[in-house]
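The values are calculated or read from the model by the stated rules, or taken from the named source; none is laboratory data. Being a predicted model, the structure only gives us computed values, none of them experimental. No Cβ is skipped: glycine too gets one built from the backbone with ideal geometry, and neighbour counts run over all protein chains shown.
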Amino acid sequence: MSAERASADGPAEATVLEFEGVELSFDHKVLDGVNFRMGAGETRVILGAAGSGKSVLLKVAIGLVPVDSGRVALLGEDITGLEEKDLFAVRANVGVLFQEGGLFDSLTVGDNVAYPLENQQARGLAPAEEVLRRVTEALRFVELEHTLEQYPAELSGGMRRRVGIARAVVTEPPLVLYDSPTAGLDPITANLIMALIAKERDTKGAASLIVTHRYQDGQLMADFRYNSEQGELVRASGDPSKEPRTIFMVMRDGQIVFEGDKTALEKSADPYVRKFVRR
Amino acid sequence: MGGAYGSLYDSIGIHEYGGLETARGEISPVNEFLRAWISEWQDFWFLAGRAFANIFRAPHYWDDVALQMEAIGVGSLPIVMLTGFFSGFVITMQMSRALNTYGAVGQVGPIVMITLVRELGPVLTALLVAGRNASGIASELGSMKVSEQIDAMRALGTDPIQKLVTPRLIATCVMLPQLTVVADFLGMVGGFAISYFSLRLTPSQYWTPAYQILELNDFVQGLLKPFIFAMVVALVGCFYGLKTSGGTQGVGRATTQAVVVASVWIFVLTAFITRIFVNL
Ligand SMILES: Nc1ncnc2c1ncn2[C@@H]1O[C@H](COP(=O)(O)OP(=O)(O)OP(=O)(O)O)[C@@H](O)[C@H]1O
Ligand SMILES: [Mg+2]
């Protein structure tokens, strides 16, 4: 099923997220034997029909939903059956953009973005005076510094999505999960958001797991790199030894029916998979 | 599914009750219904247990407690005062007619006092607060649930029970007994208004026997009830809020359920507590 795995030579690259035979049912089966391994710095794009289990997969990845069977390892730690308070420590190193946003209505944009830092501060990680600087920096990254004092309800959908991204990346986590970052947005805003996600990946080297309905989002992640000198996205060199890998996964009814790079995806003959590929 | 903590979250946090739709043919609808009911009951007690345990555990969100006290206490004050006054007013009118037939209109003070302190004050205040705050809590937490704010909270290292449920529990338990005292007092004032202007009783004819009738038993009952009702209002509101699913429609459903269930429990519990105390 898998087209390419970590090259056998040299020390195997660190794994940031690993699913092993993960099964989960609510009133029906939602995840059905999910297996994959995601390396540090890697980009993974998950495509799939509505209800195929993409959001649940992300929630399982950070232990928000316990699995029925199988094993999930997050940043090298087996989180299956871990207590909530122990999960907090692992989750502190993961950024998440939720499908519904998950911004706290009762807090200003600034406080929302500061929230993960303040939690780290409680753990003695980020010093207090650093918080405002990092919040401003994260908001500048998504070009929304001027909204610091506003409330999420006062922003447009696209702006809220960007604030969500700022909150997800403010701690500079080694792994960021994005659930449908472009859903329901106009093409211009959608492209802006994908550019931000690529920029985050290429400036911080974070591994990114992206759930999307738009094939072009995955295409952009695979084919473009953010060039900090030019300050814009440029076409990738195409040399797999220098570039972070982009792997596509296609989900159907809780199963991963395709896993592989863009070339393999475009070559796939599976009619379900082909529906997600635009040529 | 999952450990103890996990099972709370997957039922309150994520699990949707299949209700009567059986995916597995061998389970009868009745069994399915019972199973859902029992698991709901378990989840409620699990939430209650954790909410109470958190009172004695750091971190404490005192800001949230203060905010909730204001919303529940100060916010409910006008309506509680108004309702208290008029309930005293009407019981006095009704009672005086009955007492008149025995020529015992002078006894109206103690009767109104007992009725208010033991029963009407606590129950009416709790019902008002259930209508205002159990619904408010359920809809607030419900919208947080469907917009994934609860998930985000957990993802960002905050226990939603500690941050959302425990402050509401503390605030309601502190405010409801006080609101009840206010309602009791204003009820007496309402009764006095009728006694003075219509029944032509002097202030001391009304107030003195009314105060003399009170015993420790009445105080205990009059304050224990609002305290227990407070737990019901806060926990039922939080419970239905946290297990909301199905978008904005789900929020509406959770709100209605919270008010109905909390109100029913207030009636059931007051009967139960009264039964115990009447025999003392
Ligand atoms: N809280 C829940 N309770 C019960 N079932 C759920 C719950 N959340 C998700 N499911 C079910 O799990 C399945 C997968 O849902 P999921 O949200 O992962 O879909 P998705 O792939 O993210 O879809 P979309 O593209 O629409 O976001 C669906 O059938 C859904 O009904
Ligand atoms: Mg989804």
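See the values below:
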quantity	calculated
Those residues of the range B:116-147 which are surrounded by fewer than 24 Cβ atoms within 10 Å (Cβ to Cβ) and under 30 Å from A:V90 (Cβ atoms), in sequence order	B:E140, B:S143, B:V146, B:S147
Members of the range A:223-266 found to be surrounded by 13 or more Cβ atoms within 10 Å (Cβ to Cβ) and of a type in the set (K, R), listed by number	A:R225, A:R245, A:R252, A:K262
Selection within the range B:147-183 - part of a helix (DSSP H, G or I), within 14 Å of chain A (Cβ to nearest Cβ) and small (G, A, S)	B:A152, B:A155
All positions within the range A:12-28 that are within 16 Å of ligand 1 (Cβ to nearest atom) and farther than 30 Å from A:T203 by Cα	A:V22, A:E23, A:L24, A:S25, A:F26, A:D27, A:H28
Residue check for B:V261: of a type in the set (A, V, I, L, M), farther than 18 Å from B:C173 by Cβ and surrounded by 15 or more Cβ atoms within 10 Å (Cβ to Cβ)	yes
Failed item in (1) within 16 Å of ligand 2 (Cβ to nearest atom); (2) away from chain B (no Cβ under 14 Å), with A:G101 passing the rest	(2)
Set A:L185, A:L209: member being within 16 Å of ligand 1 (Cβ to nearest atom) and either assigned to a helix (DSSP H, G or I) or within 19 Å of A:L103 (Cα to Cα) (or both)	A:L185
Count of residues meeting criterion [away from ligand 1 (no atom under 16 Å from the Cβ) and in a helix (DSSP H, G or I)] in the range A:158-182	10
Criterion: within 10 Å of chain A (Cβ to nearest Cβ), outside any helix (DSSP H, G or I) and either at positive phi or modelled with pLDDT under 95 (or both) - qualifying residue of B:G6, B:G13, B:G2, B:G25	B:G2
A:Q120 being in the same structural domain as A:V109 (by TED's automatic domain parsing) and in a loop (DSSP other than H, G, I, E, B)	no
Residue in the range A:136-144 that is away from chain B (no Cβ under 13 Å), at positive phi and either touching a helix residue (DSSP H, G or I) at 6+ places or on another chain (Cβ under 9 Å) or touching a residue at least 60 places away in the same chain (Cβ under 8 Å) (or both) present	yes
Check on A:T80, in a loop (DSSP other than H, G, I, E, B), free of Cβ contacts under 8 Å to residues at least 40 places away in the same chain and on the phi < 0 side of the Ramachandran plot	yes
Residue check, B:L186 buried (at least 24 other Cβ atoms within 10 Å of the Cβ) and closer than 17 Å to B:E119 by Cα	no
Residue pairs meeting the criteria (Cβ under 7 Å; at least 6 apart or on separate chains; first of a type in the set (F, W, Y), in the range B:24-53; second modelled with pLDDT of 85 or more)	B:F44/B:F239
Hits in the range A:83-98 (condition: in a loop (DSSP other than H, G, I, E, B) and at the interface with chain B (Cβ under 7 Å from one of its Cβ atoms))	A:E83, A:A92
Residues located in the range A:11-28, provided they are more than 14 Å from every other protein chain (Cβ to nearest Cβ) and either in a strand (DSSP E or B) or of a type in the set (D, E, K, R) (or both)	A:E13, A:T15, A:V16, A:L17, A:E18, A:F19, A:E20, A:G21
Given (1) within 23 Å of B:V233 (Cβ to Cβ); (2) at pLDDT below 90; (3) away from every other protein chain (no Cβ under 14 Å), number of the condition B:V30 does not satisfy	(1)
The one condition in (1) in contact (Cβ under 8 Å) with a residue 24 or more places away in the chain; (2) under 30 Å from A:E77 (Cβ atoms); (3) in a helix (DSSP H, G or I) that A:V131 fails to fulfil	(1)
Complete set of residues in the range A:29-77 that are of a type in the set (S, T, Y), within 15 Å of ligand 1 (Cβ to nearest atom) and within 12 Å of another protein chain (Cβ to nearest Cβ)	A:S55
